[in-house]
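Presented below is the structure to which this report refers.
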Amino acid sequence: MPLSATLAPLIMGTATFNSQYNADPYALPTTELVHRALNSGIRAFDTSPYYGPAEELLGRALDTDFVRTNFPRDSYHLLTKVGRIASSSFDYSPAWVRQSVRRSLRRLHTTYLDAVYCHDVEFVSPADVLAAVRELRRLRDTDGSVRHVGISGYPVDVLCDLAELVLAETGEPLDIVMSYANFTLQNTRLRSRALPRLIAAGVDCVPNASPLGMGLLRRRGVPIGSMGDFHPAPDALRHAVHAADQLADAHGDRLEVVAIRFALESWLRDGAPVGALGPPLARAPHADPGFLSAATMGTGERLGVSVIGVSTVDELTETLRVWHSIVDGLENRDEDLEKTSPQDTLPTTLTPSDGLITDRAWSRSRRTHILDLAAKIQAVLGPEWVDYAWPSPDPDFVNVLPADHLAALEKDAAIPDVDTKPVGGHLHLQPPAAAAAAANAMVTPPMEALEQRGPIEAAPANITL
Ligand SMILES: NC(=O)c1ccc[n+]([C@@H]2O[C@H](COP(=O)([O-])OP(=O)(O)OC[C@H]3O[C@@H](n4cnc5c(N)ncnc54)[C@H](OP(=O)(O)O)[C@@H]3O)[C@@H](O)[C@H]2O)c1
């Protein structure tokens, strides 16, 4: 079955569960964020071994009674990656691909991964990418630990070249190609330069990640974690973004809200040919089965897929509120598709308040307002920065594998997988493997240390969506 048949159009990313975005990822409410996301209807999570402890933190949130009881493994998608080891270290060899997949399965407590990307393909040769794709497909066809195979990266031309190469060399298109920061208020190259080529290369799904351009398009500026300022945007672009924020402010909006809405809502439509059929927000486990909506049923048509990133409950709540309002506009889409115009009411608040207009009408006029504001913001950014893409990799990039990499490969290979008991797709590590896994890896503090705030078993009923 193609991935697009079941994937949802909203994926929660976990790059934020790392020291690149945050000073201390262990201090984040990661379990709470994952549980709230599931409770709110999100059914897909994107992660990577490159994101420090993110896979483990996501795995811990999923390996809880709350998730096992309410969300069977086949009710959500897990997407992870292989090949990127560190900022300047890549290993796309089949041996490492195998080990990386096995490690992700253990960390995520699962017997299968719904999709595995070759991570940041622009840093390695096309031959390396081809070899890694072939190995992932071999795993798919032999042990079933991988269900779908794709690539991710930044320069859209490279993504297109590789999608075409994989099709030409293997006769089979990629299931999924994820681009990031290329369909935002600042840069829409994914639509203009890549979409037609990716469709022609037969790619099933094209998620648009980083609607805020990795946190660039917001009032407080780029995220600074314990690794310092990693963001590749040059200073002049940051200044232009600051001017854009002032313009949004003058219109009673915040840049991040405009940016999130612009990217998610526009890609929902523009990315539909490479979108997914899953519902925008799955129904809660105990919801009234008689209540039907486009949000929980889908529209019967593909919807472009976005990958969001949040670090706090407030950011998740805000992003979901925007998403709900976007999804409201999908109800009876054909009925009044052409009716909204700039002359309609242009709401500048986030949610309908006076009850005089329907959620759908509000959503439509809000969309018009956002598109209007986006055009003004792009005028402020100017031709120098609209559709600007920073270099990736840097011209002086050299791939350097750490000295302990091969040792890690050998150590990982020694860990047995046989003493596992899959239960409904969830993997429960039995003592010998659990011990080996603990010895194997990471630095994650004990669960109790993460959960000092108390376990979150259900989102409070009063969250405004
Ligand atoms: N190469 C790849 O494969 C690749 C690359 C990029 C992204 N991705 C995937 O896509 C996901 C999303 O990308 P991203 O995390 O870069 O997304 P993003 O939306 O561009 O940026 C996320 C950052 O924006 C901030 N943010 C989010 N919502 C906000 C709000 N309502 N108000 C103010 N700030 C807000 C957060 O900042 P704070 O952390 O400061 O709170 C967060 O760190 C990633 O987590 C990852 O899973 C993959």
- Additional length obtainable on full extension of the chain from LEU292 to SER75, 0.36 nm per residue less Cα span: 76.3 nm
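Rounded to whole Å and sorted largest first, what semi-axes of the equivalent ellipsoid does the C-alpha gyration tensor of the stretch 9-385 yield via the square root of 5 times each eigenvalue?
Working: eigenvalues 201, 115, 90 Å².
Semi-axes from the Cα gyration tensor: 32, 24, 21 Å.
Which of VAL327, VAL398, VAL97 comes first, and how do the rest follow, when ranked by fewest Cβ neighbours within 10 Å? Before the final figure, lay out the partial values.
Values: VAL327 28, VAL398 7, VAL97 24.
Going from least to most buried by this count: VAL398, VAL97, VAL327.
If you take every DSSP beta bridge fully contained in the stretch 9-385, what fraction is antiparallel? Give it as a percent rounded to 5.
Details: 4 of 29 bridges.
Just about 15 percent of them are antiparallel.
Using 0.36 nm per residue of separation minus the Cα-Cα distance, give me the extension gain between ILE199 and ALA250 in nm, one decimal. Mind dumping the intermediate values first?
Values: separation 51, 0.36 × 51 = 18.36 nm, distance 3.92 nm.
Additional length available on full extension: 14.4 nm.
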- Message: Quick check on the stretch 25-82: take the gyration tensor over C-alpha atoms, sort the square-rooted eigenvalues as a ≥ b ≥ c, and tell me if it's rounded (a/c under 1.5), prolate or oblate.
- Response: oblate
- What order do you get for PHE183, PHE45 when you list them from fewest to most C-beta neighbours inside 10 Å? PHE45, PHE183
- Task: Grab the Cα-Cα distance for HIS239 and ASP359, subtract it from 0.36 nm times how many residues apart they are, and report the gain in nm with one decimal.
- Result: 39.6 nm
- Most exposed first by the Cβ proxy, i.e. fewest other Cβ within 10 Å, how do CYS205, CYS160, CYS118 rank? CYS160, CYS205, CYS118
- In terms of the alpha carbon gyration tensor, root eigenvalues a ≥ b ≥ c, rounded if a/c is under 1.5 and otherwise prolate when a/b exceeds b/c or oblate, the stretch 265-314 is oblate
- Item | Cα-centre dipole for the stretch 9-385 with unit charges at Cβ (Lys and Arg positive, Asp and Glu negative), debye to 20 | 460 debye
- Query: Taking Cα pairs under 8 Å and at least six residues apart, what relative contact order does the stretch 157-211 come out at, in percent?
  - Reply: 45 percent
- 5 angstrom amide H check on ASP120, placed H, neighbours 5+ away: SER152, GLY153
- Query: Taking the C-alpha atoms of the stretch 68-215, how large are the radius of gyration and the largest Cα-Cα span, Dmax, in Å?
  - Reply: 15.1, 44
- Item | Backbone N within the stretch 80-111 under 13 Å of label point (7 Å from SER125 Cα along the Cβ vector) | 92-93
- Note on the structure: The set of residues whose placed amide H lies less than 5 Å from the amide H of ILE85, leaving out same-chain residues fewer than 5 positions away, is PHE90, ASP91
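Every read-out reported here was derived from the displayed coordinates using simple, explicitly stated rules and does not represent laboratory data. Remember, predicted model here, so these are calculated numbers, not experimental data. Using ideal geometry, Cβ is built from the backbone for each residue, glycine included, and neighbour counts are taken over all protein chains shown.
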